[in-house]
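Participant: Sharing a structure here in structure tokens format.
Throughout, read-outs are computed from the coordinates displayed, never taken from laboratory work. Every value quoted in this text rests on a predicted model; they were computed, and no experiment measured them. Backbone-built Cβ (ideal geometry, glycine too); neighbour counts: all protein chains shown.
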Amino acid sequence: MNLKTKKLIPVAIFGGLILLAVLIKMNPPEAQQRGNFGGPQMVVETTTVEKQDYKVRLQSYGTVQPRTQSMLVAQVSGQIVSVNENVRDGGFFEKGDILGQIDPRDYEADVRISEASLADARQALAEAEARSNQALEDWERLGNTGDAPDLVLRVPQLEAAKARVSSAKSSLQKANLDLERAQIVAPFAGRILRKLVDVGQVVSPNTQLAEIYATDVVEIRLPIRNRDLGFIDLPERFRFADANGANNAAVTIHSDLIGNETWNAHLVRTESAIDEAARQLHVIAQIEDPFGPANVGRSPLKIGQYVTAEIEGSALSEVLVVPNSTIYQGSYVYIVEDDLLRRKDVVIAWQNDNDAIISDGIKDGDQLVTTALGQVTSGLRVAIAGAQRPNGGGPPGGGRPPSDGAGQ
């Protein structure tokens, strides 16, 4: 190929491109445009929002604690010679049971000594009374007139003898009391938390013997969220109106320590101050006779056991209640209005794990969307599942909605 031919090739290619452009311009391709689709793009399920009466039930939690808990201590000194077989960690006892015995021999001897001292004092008193009476007779026999002086009638000696009798009685009473205290008696029906001494140990007054608690009642300290305070009748409100606490809120205690078990309780009082750490108010619930016949068949409550509580709150009239699953990001819901999906910002007055009470944003009769939505656009045309189309056909099929950046 000569040099002249090589120079003509680019010219020919450029000319061909120009000719192709002219042909395309003279005969443009026909664009096939899709027609506008005006039907629904998705199907949703709805429920009609209706005003209703609603019983608020508040959720809380706490640990089981005894209402009455004591440290059993020795009141006299001596060697422990016996211990009740129920005095073991977790053991039960009844009021008046003898839980232990301190060696009583010293105290029995003290009682006998005090009895002898009392007998001596009574004899001395009898002699003093006889001398006083004799002195009065002598005074009168001698023909003296007027009242005899106290010294003549031996009144000081008589009063001293009476005082010694009173002192001897007190000594005997104290000796009997010490002898009685050598027996360690249960002050109430309860249970042993910790046993601290055993047979053979020598104790002195105020020596700790065991930690015990009463089994008649246990308590649970329950925090109340600040936003829930307006939805519960606190026990302190009934201080003057109902001293028996008959109107106090009922509480259901739940525990899954050993299976799912429940106990019936009721609020008895409100703490007098806000907890400084949690910045919340606490109420106290009581379970009556938790170890009694009514609770046979379920596992006994343990001190320190974690439980959850459902507290009976206020009864509300004519309120809008919606499931929490229909609320997105805690602030808005979707309703269907004129076959269009509408986003509505709502104000939540109260909420638990399942329901929410709405005070503003939706109204009675709105069609609340219960279908879980992803990212959808407000204004999207939708159809309600189960509703018939205007032409009598069945519900339309759904499509994937476009995104506007809103999400659950």
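Participant: Counting only residues 5 or more places away or on other chains, whose amide H sits under 5 Å from the amide H of Ala249 once H atoms are built in the peptide plane?
Facilitator: Here the answer is Leu267, since their amide H atoms fall under 5 Å of that of Ala249.
Participant: Still on this structure: So how do Met42, Met71 line up by other beta-carbon neighbours within 10 Å, fewest first?
Facilitator: Met71, Met42
Participant: Net charge near Leu136: determine it from the other residues with C-beta under 13 Å of the C-beta of Leu136, scoring Lys and Arg +1 and Asp and Glu -1.
Facilitator: Spelling it out: positives minus negatives among the neighbours equals -3.
Participant: Fewest Cβ neighbours within 10 Å first, please rank Ile303, Ile13, Ile253 accordingly.
Facilitator: Ile13, Ile303, Ile253
Participant: Ok, one more. Ordered by residue, what ³J(HN,Hα) values in Hz, to whole numbers, does segment 287-295 give under the Karplus form 6.51 cos²θ - 1.76 cosθ + 1.60, where θ = phi - 60° and Gly and Pro are x?
Facilitator: So the Karplus estimates, Gly and Pro as x, are 10, 7, 6, x, 10, x, x, 5, 10 Hz.
Participant: Ala210's amide H: which non-local residues (gap 5+, or another chain) put their own amide H closer than 5 Å, with H modeled 1.01 Å from N in plane and none for Pro or chain starts?
Facilitator: Leu72, Leu196
Participant: Please list the equivalent ellipsoid semi-axes of segment 105-181, computed as the square roots of five times the alpha-carbon gyration tensor eigenvalues, in descending order and whole angstrom.
Facilitator: After scaling each eigenvalue by five and taking roots: 37, 10, 6 Å.
Participant: Please order Trp263, Trp139 by the number of other Cβ within 10 Å, starting at the fewest.
Facilitator: Trp139, Trp263
Participant: Still on this structure, please answer the following. Less than 15 Å Cβ to Cβ from Asn86, Lys/Arg counted +1 and Asp/Glu -1: what total charge do the surrounding residues give?
Facilitator: With Lys, Arg at +1 and Asp, Glu at -1, the net is -1.
Participant: While we're looking at this one, here's another question. What is the gain in length, in nm to one decimal, between Leu151 and Ser359 on full extension, counting 0.36 nm per residue of separation less the C-alpha to C-alpha distance?
Facilitator: Separation in residues times 0.36 nm, less the Cα-Cα distance, equals 65.4 nm.
Participant: How far is it, in nm, from the label point at Gln280 to the one at Lys302 when both lie 7 Å from their Cα along the line to the Cβ?
Facilitator: 2.3 nm
Participant: Could you run the Karplus curve 6.51 cos²θ - 1.76 cosθ + 1.60 with θ = phi - 60° over segment 111-125 and give me ³J(HN,Hα) per residue in whole Hz, x for Gly and Pro?
Facilitator: 5, 5, 4, 5, 5, 5, 4, 5, 5, 4, 5, 5, 5, 4, 5
Participant: Further question on the same structure: Determine how many Å³ per residue the convex hull of the Cα atoms of segment 42-189 encloses.
Facilitator: Values: hull volume 40.9 nm³, N = 148.
With only Cα atoms used, segment 42-189 gives 277 Å³ per residue.
Participant: Net charge near Arg227: determine it from the other residues with C-beta under 15 Å of the C-beta of Arg227, scoring Lys and Arg +1 and Asp and Glu -1. Could the numbers behind the result be given before it?
Facilitator: Details: positive: Arg57, Arg225, Arg279; negative: Asp228, Asp353, Asp355.
Neighbourhood net charge equals 0.
Participant: Starting from the amide H of Gln305, placed 1.01 Å from N in the peptide plane, find each other amide H under 5 Å away whose residue is 5 or more places distant or on another chain.
Facilitator: Sorted by chain and number, the residues that satisfy this are Val64.
Participant: Then there's this: Could you run the Karplus curve 6.51 cos²θ - 1.76 cosθ + 1.60 with θ = phi - 60° over segment 68-84 and give me ³J(HN,Hα) per residue in whole Hz, x for Gly and Pro?
Facilitator: Rounded to whole hertz, the list is 10, 9, 9, 9, 6, 10, 6, 9, 9, 9, x, 8, 6, 9, 7, 9, 4.
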